[in-house]
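*Asks:* Handing you this structure, nothing more for now.
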Amino acid sequence: MPKRLIPNPPNGLRERTRSNGTTRLWWEPSAAARKLGFSSVELDERRLTWSRREAERLNAELARAIATGKREAPSPMGRSIEALIEKYRRSTRWTDLKPATKSDYEASFRLILRKWGPYQVRDFDKSIVHAWYETLRDGSGEWQAKSLIRKLSILMSYAEILGWRPDGSNPCAKLGLKTPKGRGRVVSWEEFDALLTTADEIGLPSVGTAMVLSLLHGQRQTDCFSARIEDFHQLEFIQPDGAVAQGWVWIFDRSKRGNEGALQLHQDAVARIEAAMATAAEAGRSGADPLLHDERLERPYERDLFQRRWQEVRAETIARDETGALRSIETMQFRDLRRTFGVLARRAGVERDDIGDVLGNTIGSNAQLAMIYTPAEIETRSRAIRAIKRPSTEKKA
């Protein structure tokens, strides 16, 4: 049996050798301790004396909790992680965030609170943060690990501004974290059509319309399900060759970056948008209302509800596939539709700058003025959208 780093360890102190040869040290609460609000706490194999003392401190805190029947709450005036997050939520940094970004931050803050809530901000150093990162990588993967460390870094930078930490002491900085490999999933036309058919047949055409807005126009999930009725216009605009074109244009502010987008609707999207508008008119909705409503609850979508409906469509599509040819849909995420737009447009020879204009990765000017004064900008975006074509099914003679 390998020699322990900490002989005769305090109760709850655990250690395990990782796959990379390093040792994980942590304090593991009993089932009774978990009922009192305790959770596992990462320690540091490079600071054995500190790790022993931290385990002993936790045991003492647990003993007091058992005696009183509840865990000690952190002091509201203390400079704990919990207090820091509360201050951040009351700051203009928080109020200035877009709703989609707030939702992402909230999910991360909940996990950070669960892990570190009572701990003092000043006690964190690089070794503690790095040990947590290693544990997150082992248990949750590289994406989750880097995302949580990034959110913790944002909090620690804010702590410096508050004077809770010295300037330049962010313990999350310069850790040399590995950048995870980007996701490269591309959706096939067979998968896309099968999902559209299922969405319509099970009474969720709104999910199918959101899919069309994403794959054919390269937009994010939130921008698709929250698009308003008044965001869609029938307009005339001048093409570079001087010809006047008329068609549907989608003008909106992107939820993540806040920049404005003006996109001509793909010809395969027009019928679905017009059908959705007819449904909205029958329901008496106004122009400021979201175009797409959940058919089951008859209310606008928010992210969790839309994800439940999307997952239902995906699961039902797989269940209906008797050949097993569509099992690949199990690995598909809604965000893959946006990526697929970029891949298909690039394959069609569209320049990266034009694709970036559609995706919203570049800062755009006022879309309404662009329609009047710089029609070529609308046309270049339209070229990227028109380039998305289904493969021909005609057989050569």
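The values are calculated or read from the model by the stated rules, or taken from the named source; none is laboratory data. Nothing here was measured: the structure is a model prediction, and the numbers come from that model. Note that we place each Cβ from the backbone using ideal geometry, even for glycine, and neighbour counts take in every protein chain shown. We work out accessible area using only protein heavy atoms, side chains counted, and drop any ligands, DNA or RNA first. Shrake-Rupley method; radii C 1.70, N 1.55, O 1.52, S 1.80 Å.
*Asks:* Residues with beta-carbon under 15 Å from that of E72, excluding E72: net charge, scoring Lys, Arg +1 and Asp, Glu -1?
*Replies:* +2
*Asks:* Using a 1.4 angstrom probe, figure out how much accessible area segment 35-133 has per residue, in square angstrom, rounded to the nearest whole.
*Replies:* Dividing the accessible area of segment 35-133 by its residue count gives 55 Å².
*Asks:* Rounded to whole Å and sorted largest first, list the principal axis extents of the Cα atoms in segment 93-145.
*Replies:* Here the spans come out as 32, 27, 17 Å, largest first.
*Asks:* Right, here's the next one. Taking the highest mean first, how do the peptides 300-313, 90-103 order by number of other beta carbon atoms within 10 angstrom per residue?
*Replies:* Highest-to-lowest ranking by the protection proxy: 300-313, 90-103.
*Asks:* Per residue of the chain, what 222 nm ellipticity follows from adding -39500 (n - 2.57) for every DSSP H run with n ≥ 4, rounded to the nearest 500?
*Replies:* -15500 deg cm²/dmol
*Asks:* Further, regarding this structure: Kindly rank 117-125, 274-282 from highest to lowest mean number of other beta carbons found within 10 Å of each residue.
*Replies:* 117-125, 274-282
*Asks:* Using the Cα atoms as the points, what is the convex hull volume per residue of segment 25-135 in Å³?
*Replies:* 125
*Asks:* Continuing with this model, one more query. Using the Kirkwood formula over every pair of different C-alpha atoms, what hydrodynamic radius in Å results for segment 285-343?
*Replies:* In segment 285-343 this quantity evaluates to 13.5 Å.
*Asks:* Oh, and also: Take the cross-link list K102/K126; K98/K389; K256/K389; K98/K126; K70/K115 and give me the ones stretching past 22 Å between alpha-carbons.
*Replies:* Beyond 22 Å: K102/K126; K98/K389; K256/K389; K98/K126.
*Asks:* Could you please report the charge total around S169, scoring K, R as +1 and D, E as -1 over all other residues with beta-carbon less than 14 angstrom from its beta-carbon?
*Replies:* +1
*Asks:* Give the label of the value calculated from the structure for volume of the Cα convex hull per residue in Å³, choosing from (1) 228; (2) 168; (3) 150.
*Replies:* Among (1) 228; (2) 168; (3) 150, the one derived from this structure is (1).
*Asks:* Translational diffusion coefficient, Stokes-Einstein: compute it for segment 159-250 using the Kirkwood radius over C-alpha pairs as Rh, at 25 °C and 0.890 mPa s, and state it as an integer in µm² s⁻¹.
*Replies:* D, rounded to a whole number, is 134 µm²/s.
*Asks:* Expressed as a rounded percentage, what relative contact order does the chain have, with Cα pairs under 8 Å and six or more residues apart?
*Replies:* Computed value for the chain: 13 percent relative contact order.
*Asks:* Please tell me the relative contact order of segment 194-337 in percent, rounded to the nearest whole number, where contacts are Cα pairs under 8 Å and at least six residues apart.
*Replies:* Relative contact order for segment 194-337 comes out at 28 percent.
*Asks:* Please list 35-41, 81-87 highest first by mean number of surrounding beta-carbon atoms within 10 Å per residue.
*Replies:* 81-87, 35-41
*Asks:* Using a 1.4 angstrom probe on heavy atoms only, work out the carbon and sulfur share of the accessible area of the chain in %.
*Replies:* The value for the chain is 50 percent carbon and sulfur by accessible area.
*Asks:* Something else now. Just to be sure I understand the curve: with the Debye formula and one point per C-alpha of segment 123-199, what is log10 I(q)/I(0) at q = 0.15, 0.19 Å⁻¹?
*Replies:* -0.61, -0.79
*Asks:* Here is a follow-up. Determine the equivalent ellipsoid of segment 243-291 by diagonalising the alpha-carbon gyration tensor, then write out the semi-axes as square roots of 5 times the eigenvalues, largest first, rounded to whole Å.
*Replies:* 20, 18, 9
*Asks:* In the neighborhood of N8, defined by Cβ-to-Cβ distances under 15 Å, what is the net charge if each Lys or Arg adds +1 and each Asp or Glu adds -1?
*Replies:* Within the 15 Å Cβ shell, the charges total +3.
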